[in-house]
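Below is one structure. I have some questions about it.
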Amino acid sequence: LVHERISAHFEDRVLAAGLTHYAHPLGVAAALEAVRIYDEERLPQRAASMAPQLASGLESIVDAQPRALRHRAIGLFGAVDLELDRPGFGHLAEALERRRVYVHLNAGNATLIVSPPLIISEDELADGMNRVADAIDEVCG
């Protein structure tokens with residue numbers, strides 16, 4: 001996982017990092033397999049190709065809901081800034097849970113963050129974005 005030059009440096013030196021599970025073989029094996037799957041299934045390219053669909057879904061939410069202030073996205077990672085207070089974010093969490101949509105809500109920054117799995121289908125992404133929009137509409141009116 002590291003360049004030979006770096007590895008050689010630590011052949012006779014201690015890496016005093018204080019990390020109990022640092023570079024544990026099981027964790028490294030899992031990471032290597034994950035990277036192999038990302039490459040084999042071309043998941044970064046897939047995320048890039050689906051980026052316009054996610055951005056469009058977020059833009060639709062902002063266009064339709066006055067309390068959705070702005071959006072941003074890169075690949076399959078996006079966010080909408082909402083004009084909601086903390087209790088409003090609590091209501092939004094409940095509305096999303098009823099729709100079985102799991103996103104990250106950051107009430108401190110008034111942001112809803114979406115990061116669907118890289119293997120999501122176009123239909124699943126469209127359905128998820130519709131559910132997010134419905135939940136926002138329910139809470140924001």
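Please state which one of Asp81, Asp85, Asp137, Asp123 is under 25 Å from Pro52 (Cβ atoms), of a type outside the set (Ser, Thr, Tyr) and open to solvent by 80 Å² or more (accessible area, probe 1.4 Å). Before the answer, list the steps.
Numbers: Asp81 fails: open to solvent by 80 Å² or more (accessible area, probe 1.4 Å); Asp85 fails: under 25 Å from Pro52 (Cβ atoms); Asp137 fails: open to solvent by 80 Å² or more (accessible area, probe 1.4 Å).
Going through Asp81, Asp85, Asp137, Asp123 in turn, just one is under 25 Å from Pro52 (Cβ atoms), of a type outside the set (Ser, Thr, Tyr) and open to solvent by 80 Å² or more (accessible area, probe 1.4 Å): Asp123.
Are there any pairs with C-beta distances below 7 angstrom linking a residue in segment 112-139 that is within 26 Å of Leu84 (Cβ to Cβ) to a residue that is open to solvent by 30 Å² or more (accessible area, probe 1.4 Å) and in a helix (DSSP H, G or I), with the two at least 6 apart or on different chains, and if so which?
From segment 112-139, the pairs are Leu125/Gln53; Ala133/Ser60; Ala133/Ala64; Val139/His91.
Name every residue in segment 105-132 that is among the hydrophobic types (A, V, I, L, M, F, W, C) and either part of a strand (DSSP E or B) or touching a His at 6+ places or on another chain (Cβ under 8 Å) (or both), in order of residue number. Show your work before the answer.
Filtering segment 105-132 for residues among the hydrophobic types (A, V, I, L, M, F, W, C) gives 105, 107, 110, 112-114, 118-120, 125-126, 129, 132.
Matches in segment 105-132: Leu105, Leu112, Ile113, Val114.
Still on this structure: For segment 55-62, check the following and say yes or no: at least one residue is under 19 Å from Asp123 (Cβ atoms), open to solvent by less than 80 Å² (accessible area, probe 1.4 Å) and of a type in the set (S, T, N, Q).
Yes; the residues of segment 55-62 include at least one that is under 19 Å from Asp123 (Cβ atoms), open to solvent by less than 80 Å² (accessible area, probe 1.4 Å) and of a type in the set (S, T, N, Q).
Let me ask another. Can you name every one of the helices (runs of 4 or more DSSP H) wholly within segment 1-104 that holds 3 or more residues which are farther than 19 Å from Ile136 by Cβ and under 19 Å from the mean Cα position of the chain (by Cα)? Walk me through it before giving the result.
Details: elements: 4-9, 25-40, 43-64, 86-98.
By residue number, 25-40, 43-64.
Determine which single condition Ile119 fails, assuming it passes every other condition in (1) at pLDDT below 95; (2) of a type in the set (A, V, I, L, M, F, W, C); (3) in contact with a helix residue (DSSP H, G or I) (Cβ under 6 Å, 6 or more places away or on another chain).
(3)
Under 7 Å between Cβ atoms, at least 6 apart or on separate chains: pull out the pairs that start in segment 80-106 with a residue that is aromatic (Phe, Trp, Tyr) and end on any residue that is part of a loop (DSSP other than H, G, I, E, B).
Sorted first by the residue in segment 80-106, then by its partner, the pairs are Phe89/Ala107.
The values are calculated or read from the model by the stated rules, or taken from the named source; none is laboratory data. Predicted, not measured: the structure shown is a model, and the values here were computed from it. As a convention, Cβ positions derive from the backbone with ideal geometry for all residues, glycine included, and neighbour counts pool all protein chains shown. Just the protein is used for accessible areas: all its heavy atoms, side chains included, with ligands, DNA and RNA removed. Shrake-Rupley method; radii C 1.70, N 1.55, O 1.52, S 1.80 Å.
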